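Below you'll find the structure, written out as structure tokens, and then a few comments.
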């Protein structure tokens with residue numbers, strides 16, 4: 001591997017400069033992505049066609065010069081591989097025709113295997129071959145609570161109150177379902193490593209909507225089970241968005257990196273998670289500013305994190321209508337920054 | 001006033017038991033509300049007709065036995081009084097046909113006066129007369145950042161990225177608009193006090209979506225200005241949802257009570273906000289549980305807050321489809337609880 005910055009930073013080793021990538025870097029911010037997207041039926045055709053997923057994955061490495069690729073996919077491939085298919089509706093987001101409500105719904109789900117998701121591992125193999133050691137490739141999955149929330153709600157939600165109701169009123173079914181999602185995710189991530197993923201990220205996008213007690217019961221233990229099932233060779237990033245209340249529990253996870261969102265105070269997180277590399281956390285909305293302001297905010301962020309144990313990123317996925325010049329200003333500022 | 005529990009608790013005085021009310025207690029959880037709602041054209045007819053707003057305000061006092069009434073209204077009456085009307089669309093939420101984007105848009109807004117909102121103060125007078133000292137009446141308004149976010153976005157949003165973009169790219173216009181909203185809100189809350197409101201709450205529903213730096217610049221100072229403009233006689237509750245990162249700043253506000261949501265750890269907030277009464281914070285989704293579980297969780301919450309400086313409430317508005325038995329179990333558990 002030519003560029004090992006992100007792997008070294010993840011393991012807490014000294015690096016010459018802070019590595020940088022961007023959540024949702026492969027996607028609508030790039031004209032090249034939008035061009036390709038127009039030629040296919042829908043988002044899922046890109047996800048399910050290894051050659052296309054490979055092409056999209058490589059775009060930001062070439063165009064933006066980021067220090068890692070992340071495989072182009074979706075966290076909801078897991079429910080689909082378990083037997084619960086979904087559509088990605090334009091201007092709406094994910095939609096499941098059937099959702100999970102009963103014991104028999106859960107019994108009817110299978111544990112996803114490597115074969116169910118071979119379109120992802122095939123894409124990973126193509127990307128690894130095309131990258132030829134240029135930068136590491138990040139694989140990923142949704143964390144079990146976030147995946148469950150979509151399987152119960154059937155779509156996005158401001159409150160996810162149906163999913164939260166399920167946890168309160170059907171705790172045993174919730175644990176059964178989380179267990180099945182967890183087993184599926186472990187199979188999936190092991191297959192990603194086998195196919196060549198150099199690093200992994202778990203996205204717990206809806207962590208912050210649970211009470212601390214619920215997150216300790218229904219969130220953290222399943223993340224821990226995944227982290228502890230994958231061996232020590234592949235660094236793991238856990239991004240539990242909004243989980244300010246769970247920093248102590250996150251700090252105790254068997255993972256290398258904690259992703260933090262833009263609402264978190266860096267110094268506070270450093271104090272509570274002293275043993276891990278942190279990833280983040282520029283406000284994605286800040287990239288609507290002009291490039292001078294982006295550069296200044298990025299420099300300030302870098303100095304607050306300091307030279308060690310930091311992977312520069314945004315605090316959430318980049319917004320699709322972000323000006324590309326600002327995205328480049330963010331990345332180039334990180335790459336040119338030198339600590340005094 | 002016969003029942004002064006909530007006013008005493010707000011001021012940090014000893015109380016015989018913890019007072020309790022529920023955000024959105026006047027609304028769709030009550031069959032009596034749903035009955036009345038069917039007889040009118042829309043939500044706004046209820047808000048704008050003092051006799052109807054009064055009737056709705058009184059319902060939970062009679063049916064649920066809460067320790068305070070809160071005037072039935074909406075935070076978006078302020079933009080409307082400033083010259084930016086909105087609709088409340090069924091199954092959608094608020095919608096503004098025109099939104100704010102430019103200097104001239106802001107120049108065209110007026111500072112709302114008492115007269116623009118006399119339908120609210122008239123409703124307050126009717127409620128006060130009908131209550132006849134039974135329980136205190138809470139008035140309220142949206143905090144300036146949350147009100148601005150709707151004026152820019154024109155509707156609800158998962159990210160409020162347009163409003164956040166406005167703060168980053170047009171900071172001067174943002175401050176001008178926040179200033180106008182703040183002046184309008186001060187006029188409005190003074191009129192509510194004049195009409196008889198015994199206590200006030202500022203709802204900053206979207207506080208948690210801003211970065212700490214942005215909230216310190218665009219959120220906190222305007223809340224402070226409102227708090228400091230209203231005198232010391234009427235206790236003020238500030239509910240900045242999701243602002244875990246701003247507890248220090250909230251603690252320094254010139255107000256009596258800080259509302260906390262269900263994602264916050266009570267002990268952590270007590271430690272960082274030792275000088276104020278706290279309001280909250282049961283997860284509204286917990287009320288989907290059976291009444292025994294609701295009672296147990298409520299008792300646990302009361303014991304964690306302790307007997308002093310606590311106003312029992314949920315961590316956010318009650319969900320419309322919450323079983324009424326659970327709502328009653330929450331309220332009755334608080335009212336029957338005695339600390340050892």
- So how many residues does segment A:16-29 have that are surrounded by fewer than 21 Cβ atoms within 10 Å (Cβ to Cβ), more than 19 Å from residue A:239 (Cα to Cα) and touching a residue at least 12 places away in the same chain (Cβ under 8 Å)? 3
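Are there helices (runs of 4 or more DSSP H) fully within segment A:79-174 with at least 2 residues that are away from chain B (no Cβ under 13 Å) and surrounded by fewer than 16 Cβ atoms within 10 Å (Cβ to Cβ)? List them.
Details: elements: A:103-107, A:118-131, A:144-153, A:161-169.
The qualifying helices (runs of 4 or more DSSP H) are A:103-107, A:118-131.
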- When residue A:335 is run through (1) more than 9 Å from every other protein chain (Cβ to nearest Cβ); (2) free of Cβ contacts under 8 Å to residues at least 40 places away in the same chain; (3) in a helix (DSSP H, G or I); (4) closer than 20 Å to residue A:10 by Cα, the failure sits at (2)
- Query: Which residues, taken from segment A:191-208, are touching a residue at least 60 places away in the same chain (Cβ under 8 Å), crowded, with 18+ Cβ neighbours inside 10 Å and either within 14 Å of another protein chain (Cβ to nearest Cβ) or part of a helix (DSSP H, G or I) (or both)?
  - Reply: A:191, A:192, A:195, A:204, A:205, A:206, A:207
- Answer yes if at least one residue in segment B:62-72 is modelled with pLDDT of 95 or more, more than 17 Å from residue B:135 (Cβ to Cβ) and part of a loop (DSSP other than H, G, I, E, B), and no otherwise. no
- Task: Go over the candidates A:188, A:288, A:222 one by one and state the one that is touching a residue at least 24 places away in the same chain (Cβ under 8 Å) and within 11 Å of chain B (Cβ to nearest Cβ).
- Result: A:288
- Among the residues listed as A:260, A:237, the single one being within 14 Å of chain B (Cβ to nearest Cβ), within 30 Å of residue A:125 (Cα to Cα) and touching a helix residue (DSSP H, G or I) at 6+ places or on another chain (Cβ under 8 Å): A:260
- Do we find that residue A:174 is touching a helix residue (DSSP H, G or I) at 6+ places or on another chain (Cβ under 9 Å) and over 17 Å from residue A:10 (Cβ atoms) in this structure? yes
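The values are calculated or read from the model by the stated rules, or taken from the named source; none is laboratory data. Because the structure is a prediction, the values reported are computed rather than measured. Positions of Cβ are backbone-derived with ideal geometry, glycine not excepted, and every protein chain shown enters the neighbour counts.
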